[in-house]
Protein chains: 2
Amino acid sequence: MECGLLFSGGKDSALAALLLDEFYDVTLVTAHFGVTDDWQHAEEAAEALGFAFEEIELDTDVADTAVERMRDDGFPRSGIQQVHEAALEAVAAKYEIVADGTRRDDRVPTVSRAVAQSLEDRHDVDYVAPLSGFGRNAVDDLVETHLVVESGPSEEVPKGDYETELRARIRERWNEAIISEVFPDHEQTRVVGRA
Amino acid sequence: MECGLLFSGGKDSALAALLLDEFYDVTLVTAHFGVTDDWQHAEEAAEALGFAFEEIELDTDVADTAVERMRDDGFPRSGIQQVHEAALEAVAAKYEIVADGTRRDDRVPTVSRAVAQSLEDRHDVDYVAPLSGFGRNAVDDLVETHLVVESGPSEEVPKGDYETELRARIRERWNEAIISEVFPDHEQTRVVGRA
C-alpha cells in the first residue's frame, strides 16, 4: 500500500520511515509553502536514506494564518499544529496511508485520536504514527543505531521543516525581532544517512 | 537490545513483534498464573512466527485480585487492566525494552503516558507500544498481509491470553454463571503462522 510519510529531514520522521519500510511502499513527503527552497534539504536526506520523495506545496494562506497566530501567541505551538494538520490533509488527498513521525512525548505537533479518526473518515485513508508508542529515550537509542545525524542551532542546520519557512515568512512580513520573540533557541537535527 | 514483548498468541501482539523485529532482539513473553497450561498455545504461535519465547508466572494474588474486581464490576475491563500492568512490571524486571501490542483504539488494556513513564522511571527501561499509532483498519490490513490467523468464539480458540485463565479461576472459585456475567461473547483470534 502506498504510504505518504510527512518528512522534515529530521531524525524522528526518518526513523518512522525505517519502521514502516517493510510494511508499506513509503514515499517521504515534505510539505512547504514555496517561500524558500529549504524542502530540498529534506529531499537530500530522503535520497541519503534511499526513499522515494515528493514535495507538496501548501496554500500560502496556511502559512499566513499560522504566522499571524504565532505572532499573536508569542510562541509557535498552535501555528505549527495548524500547519501540520493542513499537511496531513494534503497527504491524505494523495495516499491511502498517511503517516508522520510524532512521538509519544511530543508536545507539538500532536495528532489526537479524534483528529486521526476524522482524517481517516473524511478521506477514507488510514493514519499511522509508528513512533507514537516510543518515548524520547527509545527513539534516541534507535536513531543512534540506525541513522547518521548532524545537529546544531535551528538557524545553522538546514532542514525541510515548517519552521525554516515560517521564520522566513515572518521576516518577509514583519522583522527579525518577531522571529526571536516567537521561536526560542533550540537544537535541530538533520539526517544525513543510514548508520 | 533485549526486548520482552507481552504476547497472547493473538494477532495484535504478533504484528507488534513483526514491527519490532528489525530493531530489537525480541522475545515473546506470555504472562500466566499457573492455573491452566494455555500459555503453551502462545508458545506454539511464537514458534510458528520464529521468535524466542518465555513464559512468566505471575503471583496468584494478581489473578485473585483481578477476578474479584471483575465479579464486583460485572465486566472484565478493570481486572484485565490490573493484570496487564502486573505483567508489564514482571517483564520490566527482566528486559531493558518492555513492549506490548496495544492499539490506538484499544479500550482495555491501555497504557497511558503516565503509566508508561512510571514503568520506565522505576525500572530504568523503555516501554514501547509499536501499534499505539495504528487504528483497527490499518492493523487488520497488515495482519491480513503478514499473518495467518484463525478466529472464533473465545472458548473455542485456545490462546495464551489472560482471559482464558481468569475464566478458569472464576470457575474454580465460583461458577460458570459468573463467567457469563463478566465476559460477553466475543471473537478471539490466534496466530498460526506468517503469511
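The values are calculated or read from the model by the stated rules, or taken from the named source; none is laboratory data. What you see is a predicted model, and the numbers here were worked out from it, not measured in a lab. Note that we place each Cβ from the backbone using ideal geometry, even for glycine, and neighbour counts take in every protein chain shown. When the accessible area is computed, the model is the full protein with side chains, heavy atoms only, and any ligands, DNA or RNA have been set aside. Shrake-Rupley method; radii C 1.70, N 1.55, O 1.52, S 1.80 Å.
Looking at chain B, the DSSP beta bridges with both ends there are about 30 percent antiparallel.
Can you pull the mean other chain C-beta count within 10 Å for peptide A:109-117?
On the way: counts 0, 0, 1, 0, 3, 0, 0, 5, 3.
Mean number of neighbouring Cβ atoms from other chains: 1.
Using a/c under 1.5 as the rounded threshold, could you call the range B:71-195 rounded, prolate or oblate? The axes a ≥ b ≥ c are square roots of the C-alpha gyration tensor eigenvalues, and prolate needs a/b larger than b/c, oblate otherwise. It is oblate, given that a/c is not under 1.5 and a/b is not larger than b/c. GNM on chain B, alpha-carbon springs under 10 angstrom: the most fluctuating residue among B:S78, B:S118, B:S132 is B:S118. For the cross-link pairs A:K94/B:K159; A:K94/A:K159; A:K159/B:K11, which exceed 31 Å when the distance is taken from alpha carbon to alpha carbon? Beyond 31 Å between Cα atoms: A:K94/B:K159; A:K159/B:K11. Remark: mean inter-chain Cβ contacts per residue of A:91-99 equal 1, using a 10 Å Cβ-Cβ cutoff to other protein chain atoms.
A DSSP coil position with no more than 12 other Cβ atoms inside 10 Å describes the following trypsin sites (Lys or Arg not before Pro) in the range A:66-154: A:R107. What percent does the relative contact order of the range B:5-107 come to when contacts are Cα pairs within less than 8 Å and at least six residues apart? About 33 percent, as a whole number.
Applying 0.36 nm per residue to the separation of B:R194 and B:S151 and subtracting their alpha-carbon distance, the gain on full extension is 14.0 nm. Each other copy places its own label point for A:V108 at 3.8 nm from this one, sorted shortest first, where the point lies 7 Å along the Cα-to-beta carbon line.
Couplings 3J(HN,Hα) for the range A:95-107, derived from phi with the Karplus relation 6.51 cos²θ - 1.76 cosθ + 1.60 (θ = phi - 60°), are 10, 7, 10, 10, 9, 8, x, 5, 9, 4, 9, 4, 9 Hz, where x marks Gly and Pro.
Legend: mean number of C-beta atoms from other chains within 10 angstrom of residue C-beta atoms, peptide A:125-131, equals 6. Copy-to-copy label distances for A:T36, where each label lies 7 Å from Cα along Cα-to-Cβ, are 6.1 nm in order of increasing length. Chain B packed on chain A takes about 2300 Å² of accessible surface away from a 1.4 Å probe, both sides summed.
Got a number for carbon plus sulfur as a percent of the range B:34-178's accessible area, 1.4 Å probe?
Result for the range B:34-178: 43 percent of the exposed heavy-atom area is carbon or sulfur.
If you sort B:S180, A:S112 by accessible surface, 1.4 Å probe, largest first, the order is B:S180, A:S112.
For the range A:2-194, calculate the relative contact order in percent as a whole number, restricting contacts to Cα pairs under 8 Å that are 6 or more residues apart. After rounding, I find 31 percent.
Scanning residues 5 or more positions from B:V192 or on other chains, those with amide H under 5 Å from its amide H are B:V148, B:V149, B:E150, with H placed 1.01 Å from N in the peptide plane.
For chain B, the longest piece that avoids every one of the GluC sites (Glu not before Pro) found in DSSP loops with at most 13 other C-beta atoms within 10 Å covers B:23-154.
Where the eigenvalues come from the Cα gyration tensor of the protein assembly as shown, what are the semi-axes √(5λ) of the equivalent ellipsoid, largest first, in whole Å?
43, 20, 19
Take A:A177, move 7 Å from Cα toward the beta carbon, and the resulting point lies 8.0 nm from the same point in each other copy, nearest first.
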